[in-house]
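The values are calculated or read from the model by the stated rules, or taken from the named source; none is laboratory data. Note that the structure is a prediction, hence the values are computed from the model and not measured. As a convention, Cβ positions derive from the backbone with ideal geometry for all residues, glycine included, and neighbour counts pool all protein chains shown.
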């Protein structure tokens, strides 16, 4: 696959390349770039570098206790919907700003954090907390 996509699949939290695709992939599998492939390896040579990526199950999701994987994927979409904004702003579609701020604090997440700074474990903890609150109303 294209190297840029491979780097996004395997990107760790905190980096520029980490986003929804990274989180979703890593929830289901461990992504590792095995080999970088130069354009000259193909005929005709593409204008991009390529990579061979290994996806090994299980991913991080196996140990996170997320009961509803489809709902968690939707939650990740909300979290990463506007990468330039803080997570708190993206969560406004799920909770009023004051409540979103409180939920982040309850989960030990800074109110000014961006989605790409959180690990999958932190995302799962926040998801679980939001679901618990939604189910209690």
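Things to note:
- Residues that are closer than 21 Å to residue 67 by Cα and surrounded by fewer than 17 Cβ atoms within 10 Å (Cβ to Cβ), drawn from region 108-127: 119, 121
- Region 72-86: number of residues that are exposed (fewer than 15 other Cβ atoms within 10 Å of the Cβ) and under 16 Å from residue 60 (Cβ atoms): 0
- Residue in region 41-61 that is under 20 Å from residue 9 (Cα atoms), in a helix (DSSP H, G or I) and modelled with pLDDT of 95 or more present: yes
- Elements of the type helices (runs of 4 or more DSSP H) sitting completely within region 72-137 and holding at least 1 residues that are out of contact with any strand residue (DSSP E or B) (no Cβ under 7 Å at 6 or more places or on another chain), touching a residue at least 60 places away in the same chain (Cβ under 8 Å) and more than 19 Å from residue 15 (Cα to Cα): these cover 120-136.
- When residues of region 1-36 are limited to those that are in contact (Cβ under 8 Å) with a residue 60 or more places away in the chain and surrounded by 13 or more Cβ atoms within 10 Å (Cβ to Cβ), the one farthest from the chain's Cα centre (by Cα): 15
- Failed condition for residue 56, given (1) farther than 20 Å from residue 29 by Cα; (2) touching a residue at least 24 places away in the same chain (Cβ under 8 Å); (3) exposed (fewer than 13 other Cβ atoms within 10 Å of the Cβ): (1)
Yes or no, residue by residue, for (1) touching a helix residue (DSSP H, G or I) at 6+ places or on another chain (Cβ under 7 Å); (2) farther than 25 Å from residue 124 by Cβ; (3) assigned by TED's automatic domain parsing to the domain that holds residue 129:
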{"residue": "26", "(1), (2), (3)": "yes, no, no"}
{"residue": "39", "(1), (2), (3)": "no, yes, no"}
{"residue": "44", "(1), (2), (3)": "no, yes, no"}
{"residue": "54", "(1), (2), (3)": "no, no, no"}
{"residue": "74", "(1), (2), (3)": "no, no, yes"}
{"residue": "80", "(1), (2), (3)": "yes, no, yes"}
